[in-house]
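Here is the structure we will look at, set down as structure tokens.
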Amino acid sequence: MKLDSEITAIVTGGASGLGAATVRALAAQGVRVGVCDIDVEAGEALADEVGGGFANADVTSDDAVAAAFARLRERNGQERILVNCAGTAVAAKTAYRDRETGAPAFHSLEAFSRIVDINLIGSFRCAAMSAAGMLALEPLAGERGVIVNTSSIAAEDGQVGQSAYAASKAGIVGMTLPMARDLARDGIRVNTILPGVFETPLVAANPAKVNEALAARIPNPSRFGDPDEFASLVLETVRNAYLNAAVIRLDAAIRLPPR
């Protein structure tokens, strides 16, 4: 798909990190970009910066996503590109002993469900609603649209305490092929990127020693990823019409150890 001012995109989780870099990269190509995020202040600021639109969206709500998409479509037109970057994480073992009492405990099911609801179901919700809108479009060079989902290398290399996060991200990987097959006849492609350790607010929240250890394990280049490098791959995923149902690790060859 050629990226220019005739194309409209929506980026969920677009107010910061990988999403914000993607918003800027698409806008730099002339694409009319809509930013979806729960962070209103940052989202509106970024939308103003790139001349795009903003809509507050909780990806766990059908009504909120539908309203956000409707608002952005009214401003920019029906999107041909959806990039799902909205997501979060939690750290907890499946079962463990309380540090103070030694009593056995297990992972909060409410917390587990929340992570799956945001990362996996939220991605599916946005993809399904976006694809339904794309069906009304006329194809451009045989394509109606492109959906790019964001998973994580934790989908394959989940570490201690990442059961919920890894499960949610593995689900995104698992739905890539069937979703691409569902939408193939209508000219909509679906691909998934598995980013490694990137310089994002989520990673910045880690203790300094944790991040130093992570950076030291990255083979080449031995550093955290730049969000612009993620955005660059998103652009290529959209441009390359033969790339469909792909699951791509973007991780500088790191394979996460248990801890």
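Every number here is computed from the coordinates shown, using simple stated rules; none is lab data. These numbers were taken from a predicted model, which means no experiment stands behind them. FYI the Cβ positions are ideal-geometry reconstructions off the backbone, even for glycines, and counts take in every protein chain you see.
In segment 109-259, what percentage of the DSSP-assigned beta bridges are antiparallel, given to the nearest 5?
10 percent
How many nm is it between the label spots at R75 and D117, if each spot is 7 Å from the Cα in line with the beta carbon?
About 2.7 nm, to one decimal.
Nearest 10 degrees, 0 to 90: what angle lies between the long axis of helix 163-183 and the longest principal axis of the chain (Cα atoms)?
30 degrees
Once label points are set 7 Å from the Cα along Cα→Cβ at both N206 and V173, what is their separation, rounded to one decimal in nm?
Distance between label points: 1.8 nm.
Helix-only estimate, please: 222 nm mean residue ellipticity of the chain, summing -39500 (n - 2.57) across DSSP H runs of length 4 or more and dividing by its residues, to the nearest 500.
-13000 deg cm²/dmol
Need one number for the chain: average projected area of the convex hull over its C-alpha atoms, nm².
Reported value for the Cα convex hull: 14.0 nm².
Please find the FRET efficiency linking E41 to A136, where r is the Cβ-Cβ separation and R0 is fixed at 25 Å, and quote it to the nearest 0.05.
Efficiency at R0 = 25 Å is approximately 0.15.
Report the one residue of N191, Q159, A241 whose Cα lies farthest in the direction of the positive end of the charge dipole of the chain (charges on C-beta: Lys and Arg +1, Asp and Glu -1; origin at the Cα centre).
Of the candidates, Q159 comes out farthest on the positive side.
Can you list residues whose amide H is under 5 Å from G34's amide H, if they're 5+ apart or on another chain and H is modeled 1.01 Å from N?
For G34, the qualifying residues are A9, I10, V11, G53.
Cα convex hull of segment 45-119: how many Å³ per residue?
126 Å³
Can you work out the FRET efficiency for the pair S232 and T101, with r the C-beta to C-beta distance and R0 = 51 Å, to the nearest 0.05? Intermediate values should be presented prior to the final figure.
Values: r = 49 Å, r/R0 = 0.97.
Rounded to the nearest 0.05, the efficiency is 0.55.
Where a Cα-Cα gap under 22 Å defines reach, which lysines qualify for K169, not counting those fewer than 8 residues away within the same chain?
Correct list for K169: K93.
Among residues other than V59 whose Cβ falls under 14 Å from its Cβ, what is the net charge (Lys/Arg +1, Asp/Glu -1)?
Around V59, the charge tally is -4.
Hey, can you rank 242-248, 42-48 by average C-beta count inside 10 Å, highest first?
On the way: 242-248: 14.7, 42-48: 19.1.
Packing order, densest peptide first, comes out as 42-48, 242-248.
Across 10 Å bins from 0, what is the distribution of all Cα-Cα pair distances for segment 162-228, in whole percents?
Each 10 Å bin holds this share of Cα pairs: 17, 34, 30, 15, 4.
I need the peptides 97-103, 232-238 ranked by packing, meaning the mean over residues of other C-beta atoms within 10 angstrom, with the highest value on top.
Peptide ranking by packing, descending: 232-238, 97-103.
By how many nm would the segment from V160 to A216 lengthen if fully extended, with 0.36 nm per residue of separation less the alpha-carbon distance?
Working: separation 56, 0.36 × 56 = 20.16 nm, distance 1.87 nm.
That works out to 18.3 nm of additional length.
Can you tell me, using C-alpha contacts under 8 Å and at least 6 residues apart, the relative contact order of the chain as a whole percent?
Worked out over the chain, it gives 20 percent.
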